[in-house]
Amino acid sequence: MTDTDEKTEDKKPLTLSAKTLTLKKGAESGHVRQSFTHGRSKTVTVEVKKKRIVLPGQQGAGNKSADGKSINSAGLTPEQVQERLKSIHGTMKSQVDQSERSRQELLEEQARLQEIQQAETPSPSQTEDGAEDVISETSASIVEPEFVPSTEETHKKKSVYSAYADEEEESRRGKVKVPVVKRTEPRRRSGKLTVVQALTNEEDKPGRSMAAMRRQREKRRMAGLEKPQQKVIREVIIPEVITVQDLASRLAERGADVIKALMNMGVMATITQLIDADTAELIATEFGHQVKRVSEADIEIGMHVKEDDASLMVTRPPVVTIMGHVDHGKTSLLDALRKTDVVAGEAGGITQHIGAYQVVLSSKDKITFIDTPGHAAFTEMRARGANVTDIVVLVVAADDGVKDQTIEAIHHAKAAKVPIIIAINKIDKPEADAERVRNMLMQHEIFLEKVGGDILDVEVSAKKGINLDKLEETILLQAEILDLKANPNRSAEGVVVEAKLERGRGVVSTILVQKGTLKVGDLFVAGAEYGRVRALVDDRGNQVVSAGPSEPVEVLGFNGAPHAGDDFVVVENENRAREISEFRQRRARELKSVLSARGTMEQMFTKISEGVATELPIIIKSDVQGSMEAISGSLGKLSTDEVKVNILHSGVGEITESDVTLAKASNAMIVGFNVRANPQARDAARKDAIEIRYYSIIYDVVDDVKAALGGLLAPTLREKYLGAATIRDVFNITKVGKVAGCMVTEGVVKRGAKVRLLRDNVVIHEGSLKTLKRFKDEVKDVREGYECGMAFENYNDIKAGDTIECFEIEEIIRTLD
């Protein structure tokens, strides 16, 4: 590439013609030739503009205005520069004059205040002092003037009139002195912190580092000047399942310490592993924290209203359940009381469903009756926790006497702990014998009032209507003794008596209201189902708007069929009803997948050993009457003042489904002696996880029951002496505390055993060992004649010469021998 310079003296002005683009002045042009491959080349014209340098004080010969006057680099003529300087000088002078006037006014004000002070105070010395004080106070309150000339030189770019401006500034600075303003408080530091400020300012010096403070604290602790930090006791909330890491964070402990505590308990768990609530509670208790257990079932808390105020309670009608043997006249008696034909609508005259009815007597008193198909449904409802019955009316036919189902009904009523009224029916028949019935009832521990007992009996005839009013009076008398009351002015609670699915109406459930008043439109939860009350129908088929306590009604509006005995509770909103329903459905599915073992003998023994039970409920079925009486008598002799055997039911024959239902409701133990369970009972026992024990030797039954009763007795605690050690010296070990250097003088000292500290043969502490070492190794035990190091758990008041006793607590199981 070649470069050729061609200078031209006369250059034309910049134009937009087709010719080459040129500059007028201060430019040098040239041609640049570019060579490419294959012999190709190109010439480019280049013009370079030179920068013009103007020195201060010089003026270009060609810088002139339109009228021929010279101008400077700022584009101003000398006259314009002089005018601007004069205006600046005038402004500065006016500002200085204003500050001078302010100063004079201030001095005059000070003089006036001084004269007033002198007039008030005659003493010259006091006057002078007062004037000085006034002057100092006034000077301290001087406000800065608006214009404060800068005392620092500013670096300005030099221009034509900069020299004149500098001279005026210097002259003004020499003549005017700006008053010094006293500040009452220091200025806030602004800008960056310099090295000089950091060294001179004492307040802003950085504090000591955390490591230095930790070292100082450790020195003070080792010197005994600082007490060890006390552990903070927390209330730890533990759910049903929790990870080890979450538990450690809630305890404010290291995860390694929690894992170590789990390993000591025999649980091998990682930091992310789930543990159950019982294990977590043991760990939290071991670390000294308080535990608050929460579970998913807490959603039901607050659903049931607490006890009502006694002033709001009113008398409610009694709820009566009619029980008895098949075809002894239960429904006929209820029909006679209601004066309506209920039996006509049933197949064969036998009750096919559970019905609840309310009878209004001539005295305007009301009685609610529950008609059940025998006693099975009654027990099924009680098994679900529904204590709906206030009084049981046991119907016994005068011509037939006490039968099997009558005996079972007696046992079920006694297990429910409700009063019984005996209704001896069919006394209009020629073969009726009421005295024979009373004697048969005495054999089953039913002592009537006529023979010195406390159970009322009435001879009635449902067919002829004999003594029905006397039966009603007896029921009302028993209800008056019970003093039945409820609060009608609250949200309703009740129990499901029966539930069925009808075409065109959906799920229809019979509800017995126990508390409050049920209204149309209320949201409710019944067992695992929920809904809204769409309609209420009473026992006579009439639609009603509300239902009060002890009143049975049919409720429409369920989204599913509940079970008999489920609780019925009105809730405040649909979201809460849905949450409770979903939780109960989920819990029911879990119970189906994992059967509860509440009926097994092993768990029963566990409850007994834990002291939960105080009596052992048993159901006995035998092949013959003699064996049953022998077993009952032998088991009855095992009872003591502390524990006892409660025989809920005993009979002859196979184990039936009714026996399994009673065992489920009462958590009882079923004993079969030379009998077996029928297929229905086996299926029910397998479904409800109830274990049935079969025996063929009476002594085996007695031994098992004796072992179960022995578990009810609290074990005897006995102390076993292990050994003793003498403290030779006491050492302070970092992170451990005081460690006693001991010599084992008697027996053996074991790690984890209980220890007792004696000083001058007086016990001053009793606890457990935190560490037991021989040399630097942790050991399990140290025998007589060897030295060891011991430290107490949460106790450091040990001295040389003290004696340590080591012992164990043994639990001796008591028996009924």
Test: residue in the range 523-535 that is among the β-branched types (V, I, T) and either under 21 Å from N387 (Cβ atoms) or assigned to a strand (DSSP E or B) (or both): yes
Residues within the range 536-561 that are out of contact with any Ser or Thr (no Cβ under 6 Å at 6 or more places or on another chain), at negative phi and part of a loop (DSSP other than H, G, I, E, B), tallied: 10
Residues located in the range 766-793, provided they are open to solvent by 30 Å² or more (accessible area, probe 1.4 Å), under 42 Å from the mean Cα position of the chain (by Cα) and under 16 Å from F731 (Cα atoms): K770, E793
Qualifying residues in the range 449-462 (those that are surrounded by 14 or more Cβ atoms within 10 Å (Cβ to Cβ) and at pLDDT below 85) - the one farthest from S650 (Cα to Cα): A462
Search result, residues across the range 686-708 that are in a helix (DSSP H, G or I) and either touching a Gly at 6+ places or on another chain (Cβ under 9 Å) or not aliphatic (A, V, I, L, M) (or both): R686, K687, D688, Y699, D700, D703, D704, K706
Test: T734 is among the polar types (S, T, N, Q) and modelled with pLDDT under 85: yes
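Yes or no, residue by residue, for (1) modelled with pLDDT under 60; (2) open to solvent by 60 Å² or more (accessible area, probe 1.4 Å); (3) in a loop (DSSP other than H, G, I, E, B):
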{"position": "G62", "(1), (2), (3)": "yes, yes, yes"}
{"position": "D67", "(1), (2), (3)": "yes, yes, yes"}
{"position": "A74", "(1), (2), (3)": "no, yes, yes"}
{"position": "E79", "(1), (2), (3)": "no, yes, no"}
{"position": "R84", "(1), (2), (3)": "no, yes, no"}
{"position": "G90", "(1), (2), (3)": "no, no, no"}
{"position": "R101", "(1), (2), (3)": "no, yes, no"}
{"position": "Q114", "(1), (2), (3)": "no, yes, no"}
{"position": "Q118", "(1), (2), (3)": "no, yes, no"}
Unique residue being at pLDDT below 80 and open to solvent by less than 20 Å² (accessible area, probe 1.4 Å) when the list is G355, G349: G355
Qualifying positions in the range 513-522 - assigned to a strand (DSSP E or B) and open to solvent by less than 20 Å² (accessible area, probe 1.4 Å): V513, L518
Matching residues, the range 630-656, being among the small types (G, A, S) and either more than 19 Å from H444 (Cβ to Cβ) or open to solvent by 20 Å² or more (accessible area, probe 1.4 Å) (or both): A630, S632, G633, S634, G636, S639, S650, G653
Candidate set from the range 469-512 (those that are free of Cβ contacts under 8 Å to residues at least 60 places away in the same chain and assigned to a strand (DSSP E or B)); member that is most open to solvent (accessible area, probe 1.4 Å): E502
Matching residues in the range 563-584 - criterion: being outside any strand (DSSP E or B), at pLDDT 85 or above and open to solvent by less than 10 Å² (accessible area, probe 1.4 Å): A577, I580, S581
Failed item, numbered, when A613 is tested on (1) among the hydrophobic types (A, V, I, L, M, F, W, C); (2) at pLDDT below 80; (3) open to solvent by 40 Å² or more (accessible area, probe 1.4 Å): (3)
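Okay, residues lined up against (1) assigned to a strand (DSSP E or B); (2) in contact (Cβ under 8 Å) with a residue 12 or more places away in the chain; (3) open to solvent by 30 Å² or more (accessible area, probe 1.4 Å):
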site	(1), (2), (3)
G401	no, yes, no
I410	no, yes, no
I422	yes, yes, no
P430	no, no, yes
Among the residues listed as V314, V305, V343, V326, the single one being under 30 Å from A479 (Cβ atoms), at pLDDT 85 or above and out of contact with any Leu (no Cβ under 7 Å at 6 or more places or on another chain): V314
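To keep it simple, each residue is scored yes or no on (1) open to solvent by 20 Å² or more (accessible area, probe 1.4 Å); (2) assigned to a helix (DSSP H, G or I); (3) more than 19 Å from S622 (Cβ to Cβ).
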| position | (1), (2), (3) |
| --- | --- |
| S658 | yes, yes, no |
| A663 | no, yes, no |
| A681 | no, yes, no |
| A684 | no, yes, yes |
| G710 | no, yes, yes |
The range 240-286 - residue that is outside any helix (DSSP H, G or I) and of a type in the set (D, E) and, of those, nearest to G752 (Cα to Cα): E253
Residues within the range 528-547 that are in contact (Cβ under 8 Å) with a residue 60 or more places away in the chain and surrounded by 23 or more Cβ atoms within 10 Å (Cβ to Cβ), tallied: 0
Some residue of the range 698-707 being closer than 25 Å to K403 by Cβ and either in contact (Cβ under 8 Å) with a residue 24 or more places away in the chain or out of contact with any helix residue (DSSP H, G or I) (no Cβ under 9 Å at 6 or more places or on another chain) (or both): no
Complete set of residues in the range 712-758 that are among the charged types (D, E, K, R) and open to solvent by less than 80 Å² (accessible area, probe 1.4 Å): D729, K738, K750, R756
Residue within the range 592-606 that is part of a strand (DSSP E or B) and modelled with pLDDT under 85 present: yes
Residue list for the range 453-466, filter: touching a residue at least 40 places away in the same chain (Cβ under 8 Å) and in contact with a strand residue (DSSP E or B) (Cβ under 8 Å, 6 or more places away or on another chain): E459, V460, A462
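The values are calculated or read from the model by the stated rules, or taken from the named source; none is laboratory data. Quantities reported herein were computed from a predicted structural model and do not represent experimental measurements. Cβ: placed from backbone, ideal geometry, glycine included. Neighbour counts: every protein chain shown. In case anyone asks, the SASA skips ligands and DNA or RNA and just uses the protein heavy atoms, side chains included. Shrake-Rupley method; radii C 1.70, N 1.55, O 1.52, S 1.80 Å.
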